[in-house]
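Comments concern the structure below.
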Amino acid sequence: MNRLVDSSLLAWKSAPRRRVLLVRGARQVGKTYAVRQLGKSFEHFVEINFERDFEVKSFFEGSIDPEVICQKLSIYARKPIAAGRTLVFFDEVQAFPPALHSLRFFHESMPELHVVSAGSLLEFALGEIPSQGVGRQTSLYMYPMCFPEFLMAVGEERLGDAIGGALARGEALDEPFHRRCLDHARVHMILGGMPAVVSEYAASRDVEACQGILDDLLQFLRDDFVKYRTRVASSKLEETLSSVARQAGGKFSHTRAAGGSPIAGHKAALSLLVKAGLVHLACHTGSRGVPLGAYKNEKKFKAFPFDTGLYQRMLNLDLSHHIVKDSVRLVNEGALAEAYAGVELIAGMPKHLKAEIYYWHREARGSHAEVDYVIDRRGSVVPVEVKAGGRGAMKSMHVFLDEGLAERGIRLSQENFGKVNGIEIVPFYAASWVPGGDSISEHGDCPADAG
């Protein structure tokens, strides 16, 4: 399946000031597949998996001269390793920190060689290495498949072109296309964007089979918690992840997650889940300008799972039952709609930076004004309200705008593209286009040299 990140990988390949690339993201989001696809554009491709290829670990002991390491890897893989002709891929590199540490020297000693590394728990390993060397590496963040990628997978890429064109022109999408997009978005919201699930749906349209894959993935992620055991007990990770699903759509409470027990362990558990990419946080921001993070309050935040299909299975919801609901009833499940909007907005943010998303509420006593999300759109503060139904009051949005915090706002709903009292109306299915620009060609763009 094609991914939007493919173009970013090709841009990195041809960049004159290329650095060693770290592909980061949660487990099973398609990192390895994407790098292997990139490998097809090279004459030679050498893949080393540090959870599988135990023998190569000895190559990184003692001297970490990249030229010496490459000579040994070439013999091991039975392939030449030559600058400009070979892509060297270190997968699950977090499993062997000495290899991760060596990456900085590849840029210094062999800058023309294409080197990519990936891993699902890179954040933990990177935190344990004193210095990786600023300017020697760059990152590319991957997430589950967003709606444009879902359309490509099910053979509807022309619908994606039509959405980008409508957004660029500021015009409504033709009504038949709009309804078709809503139908596809309803399925994508229910099943989520994990590549294995989308691939199954594209091939069979079998929702029960997709649900089975989601259950397997969820169990796999939970089994993975044993790798965190030196930091937090697996039971607290499971309790916290389940609580994130239950509390999605509102401000997160550690007390509710702890269920009466001390909250310290659950705070640590949430931090680890965020690091692993399994949970996204939307911190409160005063929204006085960009960067939004300069005005954030880390004690007030919302939390939501990184994939809406897994989110619903965490709640034991039957996806086969949901899939036959009409779109109005389904999307009216507000917490799901807000979580879906959140993951789509994040998917549309620049891939070379870790995505950050925020929310806002008026801090004056007695005020209930709250905007679901606030994003940085090309250097401008943009509030985003999520309306699960077709329409809805926009009181909080108007409070935000009246206070001079932004010049315009966006409402995500089932409505077609349009404007109401200066507020831009964007359908749910176009949410991932919103952060990056006004056309699909700018969607998820990553600078060639990332830096």
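The values are calculated or read from the model by the stated rules, or taken from the named source; none is laboratory data. Just so we're clear, the structure is a prediction, and the values are computed from it rather than from any experiment. Note: ideal-geometry Cβ built from the backbone for every residue, glycine included; neighbour counts use all protein chains shown.
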Can Glu47 be described as of a type in the set (D, E, K, R), part of a strand (DSSP E or B), within 29 Å of Asp224 (Cα to Cα) and under 27 Å from the mean Cα position of the chain (by Cα)? yes
Can you name the residue in the stretch 72-106 that is among the aromatic types (Phe, Trp, Tyr) and within 22 Å of Ala34 (Cα to Cα) and, of all such residues, is surrounded by the most Cβ atoms within 10 Å (Cβ to Cβ)? Phe90
Picking from Val290, Val328, the residue that is in contact with a Gly (Cβ under 9 Å, 6 or more places away or on another chain), at pLDDT below 90, more than 26 Å from Val29 (Cα to Cα) and in the same structural domain as Arg256 (by TED's automatic domain parsing) would be Val328
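When the residues of the stretch 364-380 are narrowed to those that are of a type in the set (Gly, Ala, Ser) and part of a loop (DSSP other than H, G, I, E, B), which ends up surrounded by the fewest Cβ atoms within 10 Å (Cβ to Cβ)?
Taking the stretch 364-380 first, the residues of a type in the set (Gly, Ala, Ser) are 364, 366-367, 369, 379-380.
Remaining after also requiring part of a loop (DSSP other than H, G, I, E, B): 364, 366-367, 369, 379.
Numbers: Ala364: 9, Gly366: 5, Ser367: 11, Ala369: 17, Gly379: 8.
That would be Gly366.
Hey, can you tell me all the residues within the stretch 248-263 that are part of a loop (DSSP other than H, G, I, E, B) and either out of contact with any Leu (no Cβ under 9 Å at 6 or more places or on another chain) or not assigned by TED's automatic domain parsing to the domain that holds Gln219 (or both)? Don't jump to the end; show me each part of the working.
First, pick out the residues of the stretch 248-263 that are part of a loop (DSSP other than H, G, I, E, B): 248-250, 252-253, 259-263.
Passing the criteria: Gly250, Ser253, Gly259, Gly260, Ser261, Pro262, Ile263.
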Which of the residues spanning the stretch 20-32 are assigned to a loop (DSSP other than H, G, I, E, B) and charged (D, E, K, R)? Arg27
Is it the case, given these coordinates, that Val343 is closer than 21 Å to Glu370 by Cα and at pLDDT 95 or above? yes
Enumeration of residues in the stretch 194-222 that are among the polar types (S, T, N, Q) and crowded, with 20+ Cβ neighbours inside 10 Å: Gln211
The lone exception for Val35 - which of (1) in a helix (DSSP H, G or I); (2) surrounded by fewer than 21 Cβ atoms within 10 Å (Cβ to Cβ); (3) touching a residue at least 60 places away in the same chain (Cβ under 8 Å) it fails: (2)
Go through the residues of the stretch 73-96 one by one and say whether even a single one is part of a helix (DSSP H, G or I), more than 20 Å from Arg18 (Cβ to Cβ), at pLDDT 95 or above and of a type in the set (Lys, Arg). no
Counted residues, the stretch 264-304 - those being crowded, with 17+ Cβ neighbours inside 10 Å, part of a loop (DSSP other than H, G, I, E, B) and not small (Gly, Ala, Ser): 1
Please tell me if Arg169 is within 28 Å of Gly436 (Cα to Cα) and out of contact with any Asp or Glu (no Cβ under 7 Å at 6 or more places or on another chain). yes
Residue in the stretch 247-261 that is surrounded by the most Cβ atoms within 10 Å (Cβ to Cβ), counting only those that are out of contact with any helix residue (DSSP H, G or I) (no Cβ under 8 Å at 6 or more places or on another chain) and farther than 20 Å from Glu298 by Cβ: Ser261
Report yes if some residue within the stretch 223-242 is assigned by TED's automatic domain parsing to the domain that holds Glu370, closer than 24 Å to Gly334 by Cα and crowded, with 20+ Cβ neighbours inside 10 Å; otherwise report no. yes
Do we find that Ile323 is under 13 Å from Leu281 (Cα atoms), among the hydrophobic types (A, V, I, L, M, F, W, C) and either under 12 Å from the mean Cα position of the chain (by Cα) or at pLDDT below 90 (or both) in this structure? no
Are there any pairs, at least 6 apart or on different chains, whose C-beta atoms fall under 8 Å, with the first in the stretch 154-175 and assigned to a loop (DSSP other than H, G, I, E, B) and the second of a type in the set (S, T, N, Q), and if so, which? Ala172/Asn416; Leu173/Asn416
Kindly establish whether Arg17 is surrounded by 17 or more Cβ atoms within 10 Å (Cβ to Cβ) and assigned to a loop (DSSP other than H, G, I, E, B). no
Test Ser117 against the criterion of being buried (at least 22 other Cβ atoms within 10 Å of the Cβ) and either over 23 Å from Lys31 (Cα atoms) or hydroxyl-bearing (Ser, Thr, Tyr) (or both), and give yes or no. yes
Under 22 Å from Phe96 (Cβ atoms), in contact with a Leu (Cβ under 6 Å, 6 or more places away or on another chain) and either in the same structural domain as Ala95 (by TED's automatic domain parsing) or buried (at least 16 other Cβ atoms within 10 Å of the Cβ) (or both): which single residue out of Phe54, Phe45, Phe50, Phe60 fits that description? Phe45
Restricting the search to the stretch 242-262, which residues are over 22 Å from Tyr373 (Cα atoms) and of a type in the set (A, V, I, L, M, F, W, C)? Ala257, Ala258
Just one of (1) at pLDDT 90 or above; (2) crowded, with 22+ Cβ neighbours inside 10 Å trips up Val399, so point out which. (2)
